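For reference, the structure is listed below as structure tokens.
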Amino acid sequence: MASNFTQSQPSRITSYMVNQLQPTAQERKLAPIPSAPQWRSPQLMVVFEDGDLHSARHQLLQSLQNPFAEGSVATLLLQESIADQFVGLVAQDLRPLSQEVSKHPSYTITLAKIEELKAKTVQGESLKAGESPVLVYDCVHSYLGNGATGVVTVHTFRTANEAGKLAKRDPLPYGQVSLWNEKLGCAYELIPRLPSDIVAINCFNPDLDPIWESFAADRNDVLLAKNYHYESLVVSGKRRIVVFPVGTIFGN
């Protein structure tokens, strides 16, 4: 880890507290969807069997309901052992999309392409065709349309090594990676293979202001602020930001 440690008063973070720190879908002010939406800092979410499935699910649901929003999850990697369980938890809480999304030309084109490819999908229970958020298995977004597609693609992995390879399969301009694994040792092993400078472990869209000055200055730094651990460090020759809630276990 990096040096120059600055400490404020830490405390144990629970998944409930993490969820409360994130803005809800209602709190986010979403810009109107352009007629030809492009990617706006999409996120890659990686969920391991040792991750907090309920907190990860809570954050993913917001992206599924607002898939064209800036910072929404575009690609989901799931460890095979919990993939069905996690997707089941997500599917049971999906709600009808707003008409702005469901009637958007990019979304309808994506649905037509999914049908043409006969791709495996998961949609909301009891929702009508065309009104549900969609998870699409084993596709990259370039197969489904140009720019933002309005769906989340899903891939499964067995090991961290496989996850690293899948993370680079779809070359989107990822703004962040949200990585869910309570064992930080395993999470850190994956960081060199992730396609973003910003890695949020066991959290989603954390406030980066406390560490941004160090990152922008290409300076190593470690600090605790607002119950989060922040690092600016170089991993495999690349400057990164790593953030996680205080209380996450460093283990393998």
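Could you grab me the full set of residues in region 99-121 that are outside any helix (DSSP H, G or I) and modelled with pLDDT of 95 or more?
First pass over region 99-121, keeping only residues outside any helix (DSSP H, G or I): 103-104, 118-121.
Passing the criteria: LYS118, ALA119, LYS120, THR121.
Every residue, every condition in (1) free of Cβ contacts under 8 Å to residues at least 40 places away in the same chain; (2) surrounded by 14 or more Cβ atoms within 10 Å (Cβ to Cβ); (3) within 20 Å of LEU172 (Cα to Cα), yes or no:
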site: LEU44; (1), (2), (3): no, yes, yes
site: PHE48; (1), (2), (3): no, yes, no
site: HIS54; (1), (2), (3): yes, no, no
site: GLN59; (1), (2), (3): no, yes, yes
site: PHE86; (1), (2), (3): yes, yes, no
site: GLN92; (1), (2), (3): yes, no, no
site: VAL136; (1), (2), (3): yes, yes, yes
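If GLU125 passes every condition in (1) loosely packed, with under 13 Cβ neighbours inside 10 Å; (2) modelled with pLDDT under 95; (3) not in a loop (DSSP other than H, G, I, E, B) but one, which one does it miss?
Only one criterion is unmet by GLU125, namely (3).
When you scan region 90-97, do you find a residue that is part of a loop (DSSP other than H, G, I, E, B), more than 21 Å from the chain's Cα centre (by Cα) and either modelled with pLDDT under 95 or under 23 Å from ASN146 (Cα atoms) (or both), even just one?
no
Condition first: among the hydrophobic types (A, V, I, L, M, F, W, C) and modelled with pLDDT under 95. Now tell me which residues in region 236-252 satisfy that. Walk me through how you get there before you give the answer.
Keep residues of region 236-252 that are among the hydrophobic types (A, V, I, L, M, F, W, C), which gives 241-244, 246, 249-250.
Result: VAL246, ILE249, PHE250.
Mind listing just one residue for me: the one in region 215-231 that is within 23 Å of GLU182 (Cβ to Cβ) and not aliphatic (A, V, I, L, M) and, of those, modelled with the lowest pLDDT?
LYS226
Looking at this structure, is VAL199 of a type in the set (A, V, I, L, M), part of a strand (DSSP E or B) and more than 20 Å from ILE82 (Cβ to Cβ)?
Yes; evaluated as a whole, the condition is true for this residue.
Go through (1) closer than 17 Å to MET45 by Cβ; (2) without any contact (Cβ under 8 Å) to a residue 40 or more places away in the chain and name the single condition THR108 misses.
THR108 satisfies all of (1) closer than 17 Å to MET45 by Cβ; (2) without any contact (Cβ under 8 Å) to a residue 40 or more places away in the chain except (1).
I'm checking my understanding of the structure. Among residues of region 94-105 that are touching a residue at least 60 places away in the same chain (Cβ under 8 Å) and out of contact with any helix residue (DSSP H, G or I) (no Cβ under 8 Å at 6 or more places or on another chain), which one is surrounded by the most Cβ atoms within 10 Å (Cβ to Cβ)?
The qualifying residue surrounded by the most Cβ atoms within 10 Å (Cβ to Cβ) is HIS104.
Check GLY150 against each of (1) closer than 19 Å to ASP84 by Cβ; (2) in contact with a Ser or Thr (Cβ under 6 Å, 6 or more places away or on another chain); (3) not charged (D, E, K, R) and name the one condition it does not meet.
(1)
Quick check on region 204-219. Is at least one of its residues assigned to a loop (DSSP other than H, G, I, E, B), among the small types (Gly, Ala, Ser) and either in contact with a helix residue (DSSP H, G or I) (Cβ under 6 Å, 6 or more places away or on another chain) or surrounded by fewer than 16 Cβ atoms within 10 Å (Cβ to Cβ) (or both)?
yes
Mind telling me which of the residues LEU190, LEU172, LEU194, LEU179 ends up being in contact with a Gly (Cβ under 7 Å, 6 or more places away or on another chain), closer than 26 Å to ARG40 by Cβ and of a type outside the set (Phe, Trp, Tyr)? Give the derivation first.
Working: LEU172 fails: in contact with a Gly (Cβ under 7 Å, 6 or more places away or on another chain); LEU194 fails: in contact with a Gly (Cβ under 7 Å, 6 or more places away or on another chain); LEU179 fails: in contact with a Gly (Cβ under 7 Å, 6 or more places away or on another chain).
Sole residue among the options that is in contact with a Gly (Cβ under 7 Å, 6 or more places away or on another chain), closer than 26 Å to ARG40 by Cβ and of a type outside the set (Phe, Trp, Tyr): LEU190.
Can you name the residue in region 138-151 that is in contact with a helix residue (DSSP H, G or I) (Cβ under 6 Å, 6 or more places away or on another chain) and of a type in the set (A, V, I, L, M, F, W, C) and is also surrounded by the most Cβ atoms within 10 Å (Cβ to Cβ) among such residues?
Checked region 138-151; the qualifying residue surrounded by the most Cβ atoms within 10 Å (Cβ to Cβ) is VAL151.
The values are calculated or read from the model by the stated rules, or taken from the named source; none is laboratory data. Small disclaimer: the values here were computed from a predicted structure and weren't measured. For neighbour counting, all protein chains shown are included, and Cβ atoms are generated from backbone atoms with ideal geometry for every residue, glycine included.
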